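Heads up, the thing below is written out as structure tokens.
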Amino acid sequence: MSSFLLLITVILATTFSVVTSCSASDRSALLAFKSALSEPYLGVFNTWSGDNCCLNWYGVSCDVSTARVTDINLRGESEDPIFEKAGRTGYMTGKISPEICKLDRLTNLVVADWKAISGEVPACITSLSSLRILDLIGNKISGKIPAHIGNLQRLTVLNLADNEITGEIPESIVNLASLKHLDLSNNRLTGAIPADFGKLGMLSRALLNRNQLSGSIPASIGNIYRLADLDLSANQLTGSIPVQLGKMPVLSTLNLDSNSLSGQINPNLLSNPGMGILNLSRNGFEGSIPDVFGPKTYFMALDLSYNNLKGRIPGSLSSAKYIGHLDLSHNHLCGSIPLGSPFDHLEAASFSYNDCLCGNPLKTC
């Protein structure tokens, strides 16, 4: 009986050893990924040695049942002791090797804020069918977003912000049915936002600001029920704001500043009780400010500066529950500034450079 138990113990130990030992193909892919990069200051790759890449390789995690690599999490800005000890943030050069695509069980790929990683996003990345997070923010990655990015049906986070990516937003991006967070800000993207962008039904944040996007704002965005944060600022967008954007029940932050948008401001944008931050500054909006404010109005920031707005400041603004920051400067507004608590804390700069505004905090009427 004791010999039988000994045999079982040996078998279990052997099985455990096999299961928890790193896949040879995964180890090879990781070493190829490492060889294409250079990190001279922190030594984050110093632990990438030995046969078992599932054991104490910095930033690497595996599925305990299959011993396949599932996560690469390398952040150049972190509170990890390795950064605190060095007293600096990360810096890494080189490129992201296509060998990474051989890690076919990868669910999270984070290579973020290393400042100098260049080259392109490997096109083969779209073959990683289990990928849920792709975060390459804060590098010098160039080239185009892979055309077939829409193949990543499980992707929930796509963050390519603060790079040097060019070209258009691929049409296939609208097929990312699970996507919740999209950040393509501060790149060099051109062309139009895909017309059927609204197919991204799970999206809660869409940050496309600081690019060179042109054309109009797709009306289909209004179909994204869960969208809470939309930033299209600092582009070259034209046309008017789709009426649908003012009817979105969850949208609380809308930044459209520094474009070439025109037309009149839709009243629904200002009367939507869920809207907390609205920035329409530095465009070409005309007409008067809709008089649609009320007791449910709660703006942390409302910026309509640098437009061609005329007429009076709406008296209903006085009934707003709260307005933290208000900027109506650099327009063609006239008349007296309404009295009331939302205006008590505002400075003259909020109203300056209009045609004939008067009253506190400007000169007496």
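The values are calculated or read from the model by the stated rules, or taken from the named source; none is laboratory data. All figures in this text were calculated on a predicted structure; none of them were measured in a lab. FYI the Cβ positions are ideal-geometry reconstructions off the backbone, even for glycines, and counts take in every protein chain you see. These area figures cover heavy atoms from the full protein model, side chains too; ligands, DNA and RNA do not enter into them. Shrake-Rupley method; radii C 1.70, N 1.55, O 1.52, S 1.80 Å.
Does the range 142-149 include one or more residues that are under 15 Å from the mean Cα position of the chain (by Cα), among the charged types (D, E, K, R) and under 20 Å from Asn186 (Cα atoms)?
no
Within the set of pairs 6 or more residues apart or between chains, which connect a residue that is at pLDDT 95 or above inside the range 249-261 to a residue that is of a type in the set (D, E, K, R) with Cβ atoms less than 6 Å apart?
Val250/Arg226; Thr253/Asp229; Asn255/Asp231; Asp257/Arg282; Ser258/Arg282
Answer yes or no: is there a residue in the range 29-41 that is open to solvent by 60 Å² or more (accessible area, probe 1.4 Å) and modelled with pLDDT under 95.
Yes: one or more hits.
If I go through the range 329-343 residue by residue, how many of them are assigned to a helix (DSSP H, G or I) and either modelled with pLDDT of 95 or more or surrounded by 14 or more Cβ atoms within 10 Å (Cβ to Cβ) (or both)?
So the answer is 2.
What are the pairs, 6+ residues apart or on separate chains, where a residue within the range 270-283 that is farther than 23 Å from Pro295 by Cβ and basic (Lys, Arg) has its Cβ under 8 Å from a residue that is open to solvent by 30 Å² or more (accessible area, probe 1.4 Å) and in a loop (DSSP other than H, G, I, E, B)?
Arg282/Ser258; Arg282/Tyr306
Out of the strands (runs of 3 or more DSSP E) lying entirely within the range 255-319, which hold 3 or more residues that are more than 22 Å from the chain's Cα centre (by Cα)?
In the range 255-319, the matching strands (runs of 3 or more DSSP E) lie at 260-264, 284-287, 308-311.
Can you tell me which of (1) farther than 17 Å from Leu184 by Cα; (2) modelled with pLDDT of 95 or more is the one Arg88 doesn't meet?
Result: Arg88 fails condition (2) only.
Can you list residue pairs whose Cβ atoms sit under 6 Å apart, with the first residue in the range 180-197 being within 15 Å of Lys144 (Cα to Cα) and the second being open to solvent by 10 Å² or more (accessible area, probe 1.4 Å) and among the small types (Gly, Ala, Ser)? Count only pairs 6 or more apart in sequence or on different chains.
Close Cβ pairs satisfying both conditions: Ala192/Gly215.
Can you tell me how many residues within the range 181-197 are surrounded by fewer than 18 Cβ atoms within 10 Å (Cβ to Cβ) and either farther than 16 Å from Val121 by Cβ or small (Gly, Ala, Ser) (or both)?
5
Condition test on Lys310, is it of a type in the set (Lys, Arg) and at pLDDT below 95?
In short, no.
Could you say whether any residue in the range 222-244 is assigned to a helix (DSSP H, G or I) and touching a strand residue (DSSP E or B) at 6+ places or on another chain (Cβ under 9 Å)?
no
Can you name the condition, by its number, that Leu346 falls short on among (1) over 32 Å from the mean Cα position of the chain (by Cα); (2) at pLDDT below 90?
(1)
One residue is enough: does the range 261-281 have a residue meeting the conditions under 25 Å from Ile149 (Cβ atoms) and surrounded by fewer than 16 Cβ atoms within 10 Å (Cβ to Cβ)?
For the range 261-281, residues under 25 Å from Ile149 (Cβ atoms) and surrounded by fewer than 16 Cβ atoms within 10 Å (Cβ to Cβ): absent.
Applying the selection to the range 240-260, what residues are closer than 21 Å to Gly324 by Cβ and open to solvent by less than 20 Å² (accessible area, probe 1.4 Å)?
Passing the criteria: Gly246, Leu251, Leu254, Leu256.
What's the total number of residues in the range 58-106 that are of a type in the set (D, E, K, R), assigned to a strand (DSSP E or B) and either in contact (Cβ under 8 Å) with a residue 40 or more places away in the chain or open to solvent by less than 60 Å² (accessible area, probe 1.4 Å) (or both)?
So the count comes out to 2.
Step by step: first the residues of the range 286-305, then only those that are within 16 Å of Ser258 (Cα to Cα) and either hydroxyl-bearing (Ser, Thr, Tyr) or touching a Leu at 6+ places or on another chain (Cβ under 6 Å) (or both), then the one that is surrounded by the most Cβ atoms within 10 Å (Cβ to Cβ). Which residue is that?
Leu302
Output the number of the condition that Leu152 fails; it satisfies all remaining conditions of (1) aliphatic (A, V, I, L, M); (2) more than 14 Å from Glu120 (Cα to Cα); (3) within 17 Å of the chain's Cα centre (by Cα).
All conditions pass for Leu152, except number (3).
For the range 107-122, give me each residue that is in a loop (DSSP other than H, G, I, E, B) and over 22 Å from Gln153 (Cβ atoms).
Listed by number, the residues that qualify are Asp113, Trp114, Ala116, Ile117, Gly119.
Is there any pair with a first residue in the range 343-365 that is within 16 Å of Asn331 (Cβ to Cβ) and a second that is open to solvent by 20 Å² or more (accessible area, probe 1.4 Å) and in a helix (DSSP H, G or I) whose Cβ atoms are under 8 Å apart and which are 6 or more apart or on different chains, and what are they?
From residues that are within 16 Å of Asn331 (Cβ to Cβ), the pairs are Leu362/Ala348.
Taking Pro361, is it touching a Phe, Trp or Tyr at 6+ places or on another chain (Cβ under 9 Å), open to solvent by less than 80 Å² (accessible area, probe 1.4 Å) and part of a loop (DSSP other than H, G, I, E, B)?
The answer is yes for Pro361.
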